[in-house]
Amino acid sequence: MINLKIDGKSVSVPAGSTVLEAARALNITIPTLCHLDLHDTKMVNKAASCRVCVVEVKGRRNLAPACATPVFEGMEVITNNIRVMEARRIVMELLISDHPKDCLSCRKAGNCELQDLSELLSLRGHSISGESVSTYKKDITPSLIRDMDKCIMCRRCETMCNEVQTVGALSGINRGFNAVVSSAFELPMDETVCTHCGQCVAVCPTGALTENDHSLKVYEALADPGKTVIVQTAPAVRVALGEAFGEEPGSIMTGKMVAALKHMGFDYVFDTNFSADLTIMEEGAELLDRLDKFLNHQDTKALPILTSCCPAWVNFIESQFPELIHIPSSAKSPQQMFGSIAKSYFAEKLGIDRKNLVVVSLMPCLAKKQEAHMEQYSVDGNQDVDLVITTREFANMIRQMNINIHELPDMEYDDPLGISTGAGMIFGSTGGVIEAAVRTAYELKTKHPLEKIEFEQLRGFEGVRLGHVDVDGFTLNIGIAHGLGNARSLLEEVRDGNPREIHAIEVMACPGGCIGGAGQPYHHGNSDILKARQKAIYEIDKNSKLRKSHENPAIIELYKTFLGEPLGERAHQLLHTHYYVKEKV
Amino acid sequence: MAKCATTDQFKELDEFIDALPTKKGELIRVLHHAQNTYGYLPKELQVHIAKKMGVSTAKVFGVVSFYSFFSMEPKGEYDISICLGTACYVRGADKIVQEFKNELGIEVGETTADGKFSLSALRCVGACGLAPVVLVNGKVYGRVTEAEVKGIVDEYRHKD
Ligand code: SF4
Ligand code: SF4
Ligand code: SF4
Ligand code: FES
Ligand code: FES
């Protein structure tokens, strides 16, 4: 342990700690901007480029950045004298000297760390004023928008994309005032290896990276008397929404969320958990089919099978693992299964044309915005899922519409696409999809009810996990990864000979799974928040009456009256898709 | 240069890379070698280098765009480089640049349509006593004035 003093208070911290960490141990807040430490995702952005965190170290002439200065025995640090405060103010003034001043209409307003700091340091006039020349065109993709005039070069996005997600879509380019973070050859992000996971958006401190907001289009649809507007809500939204309204992380807001949506004027409020159950019917059937072929030695390459419900993950495999393109399940994601059933089965039920049915998704996710936009998910130019809003966008809509969510009575989902099981619910957490699949596959294969529904061996928060499940005397080895960097290491293992003989793999692109999706309320690196959301997911499952997808009565009815059999002809047409190798830079 | 990077196309560079004891931290060296070999660094070459070095193309492009030494455009037969180091800058190098731009009708980093001239900017070339300094294919011109620019260009314009 190293002993030092900060602002006159003594503290001992492990060797190798930074001054910033030591100060935290003393509850002394040093302002930071570029620094970001997501412990449990193992992401630390150490750019030390902004110098907002400077402190005085006794015996040193220059001020030192607290986030990058290691402690030493007997060190004395001052964080709060006039010299330090003046220096921070000048640093901030320089930073904002060429920054656009359109905070009033900036997408990040209210959530911008640059704005918060400028308020904290009482920057009023602009004593240093440079040109805020607009050098960069906005890059608008279906999922995210890059407005590089607002980039402060903290390089958090780059660390996230390259080191955590290992996608490598971003890099610092140019130098001096022209320096910015961009793609290879400054291509539009849509034409690069970007997976649209949105994790860069989740860490950007300013308005340089934001989501492509659909809320205004949702209002438009709601106001159109000629349209029937329905919404599906992803599992992870209900356990995070409360945070936007001051509730504890992990608060379960299902009933109030449904009520708020009804209040806004949606004609039907449905649940993505329903289509998650449907995904399990298809993916579970495919798993059993491929398992049979594998066990009969008909096709030794039938396994492993990979889950396909995360579109960022699918984008990743299409551009980075061409040699494994045949292993993901062909089942569409729950979002797209919902869209396809809504615009066929449900539109038929209502007796309306699919063009007059607007399907909105409420998602924790930015990748879903891009997925909804993909060509294969449209019929005659009409998308199966028309609009996608994130948890954050929805929270803003609730505020704009002056809805007091705390006072709303709990309400129930509508029939029939709102009926779901606990298995659909756990799709929101890492490990959940494969657990739901195993619950169903096990019972369909063995024809025995499960003794214990929970597969604890598949749960957890570690980046890469391995679990074993006995199915009828055969040990199914299951690999689970969350975060694309972890997914990459698991996939490389499978590609290079699969020494652990993994048979089934679940991957989610975001830390913790969809609970850590890039459209959720910002967690600013606090993984306790993610764990609280995860706990809530499993709690909802535990308290559900039905916990296996194949027992969902609305699903049984759907197959009986409309779809036929899982993997049958109609199911294939509506619920399955193809993957393509995509060479991208 | 062909669009698709065939295995042989960058053979000489591949051999250079394969001979390196380690690829780690050698990106800049490889890019230098590539530029010397092929004259410039077109996109296909950057994509190829990224694959070969096991880094992202974005990262390679980041390095190429950072150093003014690297060029993504083929250089002209005569490459005119103007020093923009502090001493040269103070003594009016920016005006010299402007004059060359006017004379040739191209921007810094570009090449004239006939492939004859290209224009680039350099950092201090270590001849500050002669500031402002201009180099044409390595030949040094010192204490260049705006009025001399046309003469320098003409000197090469009529050569073949
Ligand atoms: S969305 Fe994901 S893959 Fe795309 S640039 Fe951001 S972090 Fe990288
Ligand atoms: S885009 Fe955002 S996260 Fe990336 S460097 Fe710029 S300010 Fe930082
Ligand atoms: S893990 Fe979930 S939230 Fe993240 S990209 Fe995939 S589907 Fe979206
Ligand atoms: S927060 Fe320490 S240098 Fe930016
Ligand atoms: S600054 Fe031009 S030669 Fe030194």
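The values are calculated or read from the model by the stated rules, or taken from the named source; none is laboratory data. Fair warning: this is a prediction, and the values are worked out from it, not measured in the lab. For neighbour counting, all protein chains shown are included, and Cβ atoms are generated from backbone atoms with ideal geometry for every residue, glycine included. Only protein heavy atoms, including side chains, enter the accessible area calculation; ligands, DNA and RNA are left aside. Shrake-Rupley method; radii C 1.70, N 1.55, O 1.52, S 1.80 Å.
In a residue-by-residue description of segment A:546-569, the property of being within 16 Å of ligand 3 (Cβ to nearest atom) and either part of a helix (DSSP H, G or I) or within 30 Å of A:CYS194 (Cβ to Cβ) (or both) applies to no position. Among the residues in segment A:30-52, are any among the acidic types (Asp, Glu) and within 16 Å of ligand 3 (Cβ to nearest atom)? Yes: segment A:30-52 contains one or more residues that are among the acidic types (Asp, Glu) and within 16 Å of ligand 3 (Cβ to nearest atom).
Residue by residue, here is whether (1) among the β-branched types (Val, Ile, Thr); (2) surrounded by fewer than 18 Cβ atoms within 10 Å (Cβ to Cβ) holds:
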{"residue": "A:THR272", "(1), (2)": "yes, no"}
{"residue": "A:GLU283", "(1), (2)": "no, no"}
{"residue": "A:LYS293", "(1), (2)": "no, yes"}
{"residue": "A:GLN298", "(1), (2)": "no, yes"}
{"residue": "A:GLN320", "(1), (2)": "no, no"}
{"residue": "A:LYS332", "(1), (2)": "no, no"}
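A:ALA518 falls short on exactly one of the conditions (1) away from chain B (no Cβ under 14 Å); (2) open to solvent by 10 Å² or more (accessible area, probe 1.4 Å), and that condition is (2).
Scanning segment A:442-460 for residues that are open to solvent by less than 40 Å² (accessible area, probe 1.4 Å) and either of a type in the set (Lys, Arg) or assigned to a helix (DSSP H, G or I) (or both) gives A:GLU443, A:THR446, A:LEU458. Of the residues making up segment A:443-459, those that are within 22 Å of A:GLY516 (Cα to Cα) and out of contact with any helix residue (DSSP H, G or I) (no Cβ under 9 Å at 6 or more places or on another chain) number 2. Is it the case that segment A:245-252 has a residue that's of a type in the set (A, V, I, L, M, F, W, C), open to solvent by 30 Å² or more (accessible area, probe 1.4 Å) and more than 14 Å from chain B (Cβ to nearest Cβ)? Checking segment A:245-252: at least one residue is of a type in the set (A, V, I, L, M, F, W, C), open to solvent by 30 Å² or more (accessible area, probe 1.4 Å) and more than 14 Å from chain B (Cβ to nearest Cβ).
I'd like to check something: does segment A:222-229 contain any residue that is within 16 Å of ligand 1 (Cβ to nearest atom) and either over 17 Å from A:LYS368 (Cα atoms) or open to solvent by less than 10 Å² (accessible area, probe 1.4 Å) (or both)? Scanning segment A:222-229, I find no residue that is within 16 Å of ligand 1 (Cβ to nearest atom) and either over 17 Å from A:LYS368 (Cα atoms) or open to solvent by less than 10 Å² (accessible area, probe 1.4 Å) (or both), so the answer is no. You will find that of A:GLY483, A:GLY428, A:GLY467, the residue that is under 20 Å from A:GLN336 (Cα atoms) and touching a helix residue (DSSP H, G or I) at 6+ places or on another chain (Cβ under 7 Å) is A:GLY428 and no other.
Just for segment B:99-150: of the residues that are polar (S, T, N, Q) and within 18 Å of B:PRO74 (Cα to Cα), which one is nearest to ligand 2 (Cβ to nearest atom)? Walk me through it before giving the result.
From segment B:99-150, those polar (S, T, N, Q) are B:102, B:111-112, B:118, B:120, B:137, B:145; that's our starting set.
Within this subset, residues satisfying the condition of being within 18 Å of B:PRO74 (Cα to Cα) are B:111-112, B:118, B:120, B:137.
Details: B:THR111: 32, B:THR112: 36, B:SER118: 32, B:SER120: 28, B:ASN137: 39 Å.
Ranking the candidates gives B:SER120 first.
Within segment B:74-83, not a single residue is within 14 Å of chain A (Cβ to nearest Cβ) and of a type in the set (A, V, I, L, M). Applying the condition of being within 14 Å of B:ARG157 (Cα to Cα) and of a type outside the set (Gly, Ala, Ser) to segment B:74-110 and asking which residue is surrounded by the most Cβ atoms within 10 Å (Cβ to Cβ) yields B:ILE80.
Can you name the helices (runs of 4 or more DSSP H) wholly within segment A:295-379 that have at least 1 residues being touching a Gly at 6+ places or on another chain (Cβ under 7 Å)? Don't jump to the end; show me each part of the working.
Working: elements: A:311-320, A:334-341, A:347-350, A:367-373.
Filter on segment A:295-379 gives A:367-373.
Being away from every other protein chain (no Cβ under 13 Å) and touching an Asp or Glu at 6+ places or on another chain (Cβ under 8 Å) is the filter here, so list the residues in segment B:31-72 that pass it. Step through it out loud before you land on a result.
Here is the first cut: in segment B:31-72, the residues away from every other protein chain (no Cβ under 13 Å) are B:31-40, B:52, B:71.
Hits for segment B:31-72 are B:THR37, B:TYR40, B:LYS52.
Table: residues versus (1) closer than 30 Å to A:CYS309 by Cβ; (2) within 14 Å of chain B (Cβ to nearest Cβ); (3) of a type in the set (Phe, Trp, Tyr).
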position	(1), (2), (3)
A:ARG155	no, yes, no
A:VAL164	yes, yes, no
A:VAL193	yes, yes, no
A:GLN199	yes, no, no
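Between A:LEU278, A:LEU291, which is touching a residue at least 40 places away in the same chain (Cβ under 8 Å), away from ligand 1 (no atom under 16 Å from the Cβ) and closer than 24 Å to A:ALA347 by Cβ? Step through it out loud before you land on a result.
Details: A:LEU291 fails: closer than 24 Å to A:ALA347 by Cβ.
The unique qualifying residue is A:LEU278.
Report those helices (runs of 4 or more DSSP H) wholly inside segment B:20-101 carrying at least 1 residues which are without any contact (Cβ under 8 Å) to a residue 40 or more places away in the chain and in contact with a strand residue (DSSP E or B) (Cβ under 6 Å, 6 or more places away or on another chain). Even if it seems obvious, please write down each step before you answer.
Numbers: elements: B:27-38, B:43-53, B:57-66, B:86-90.
Of the helices (runs of 4 or more DSSP H) lying wholly inside segment B:20-101, those with at least 1 residues that are without any contact (Cβ under 8 Å) to a residue 40 or more places away in the chain and in contact with a strand residue (DSSP E or B) (Cβ under 6 Å, 6 or more places away or on another chain) span B:57-66.
Checking the conditions here, which among A:ALA240, A:ALA260, A:ALA236 is more than 21 Å from the chain's Cα centre (by Cα), more than 19 Å from A:TYR559 (Cβ to Cβ) and not assigned by TED's automatic domain parsing to the domain that holds A:ALA554?
Details: A:ALA240 fails: more than 21 Å from the chain's Cα centre (by Cα); A:ALA236 fails: more than 21 Å from the chain's Cα centre (by Cα).
That would be A:ALA260, the only listed residue that is more than 21 Å from the chain's Cα centre (by Cα), more than 19 Å from A:TYR559 (Cβ to Cβ) and not assigned by TED's automatic domain parsing to the domain that holds A:ALA554.
Scanning segment A:191-202 for residues that are open to solvent by 10 Å² or more (accessible area, probe 1.4 Å) and touching a helix residue (DSSP H, G or I) at 6+ places or on another chain (Cβ under 6 Å) yields a total of 3. The residue list A:LEU366, A:LEU357 contains one member that is away from chain B (no Cβ under 14 Å), in contact with a helix residue (DSSP H, G or I) (Cβ under 8 Å, 6 or more places away or on another chain) and within 16 Å of ligand 1 (Cβ to nearest atom), which is A:LEU366.
Can you tell me which condition A:SER344 does not meet? The list is (1) open to solvent by less than 30 Å² (accessible area, probe 1.4 Å); (2) touching a strand residue (DSSP E or B) at 6+ places or on another chain (Cβ under 8 Å); (3) farther than 17 Å from A:HIS578 by Cβ; (4) not aliphatic (A, V, I, L, M), and all the others hold. The number of the failed condition is (2). Consider segment A:468-524 and keep the residues that are without any contact (Cβ under 8 Å) to a residue 24 or more places away in the chain and in a strand (DSSP E or B). The one that is nearest to the chain's Cα centre (by Cα) is A:HIS468. Scanning segment A:153-190 for residues that are in a loop (DSSP other than H, G, I, E, B), open to solvent by 30 Å² or more (accessible area, probe 1.4 Å), within 14 Å of ligand 2 (Cβ to nearest atom) and touching a residue at least 40 places away in the same chain (Cβ under 8 Å) yields a count of 2. Of the strands (runs of 3 or more DSSP E) lying entirely inside segment A:7-70, the ones with 1 or more residues being farther than 22 Å from A:ILE529 by Cα and either among the hydrophobic types (A, V, I, L, M, F, W, C) or free of Cβ contacts under 8 Å to residues at least 60 places away in the same chain (or both) are found at A:9-13, A:54-57. How many residues does segment A:318-362 hold that are among the aromatic types (Phe, Trp, Tyr) and in the same structural domain as A:ASP289 (by TED's automatic domain parsing)? Adding up the residues that qualify gives 1. Would a scan of segment A:546-566 turn up a residue that is under 18 Å from A:PRO328 (Cα atoms) and either acidic (Asp, Glu) or modelled with pLDDT of 95 or more (or both)? The answer is yes; a qualifying residue exists.
Scan segment B:64-86 for residues that are within 27 Å of B:VAL47 (Cα to Cα) and either out of contact with any Ser or Thr (no Cβ under 8 Å at 6 or more places or on another chain) or within 16 Å of ligand 2 (Cβ to nearest atom) (or both) and the total you get is 8.
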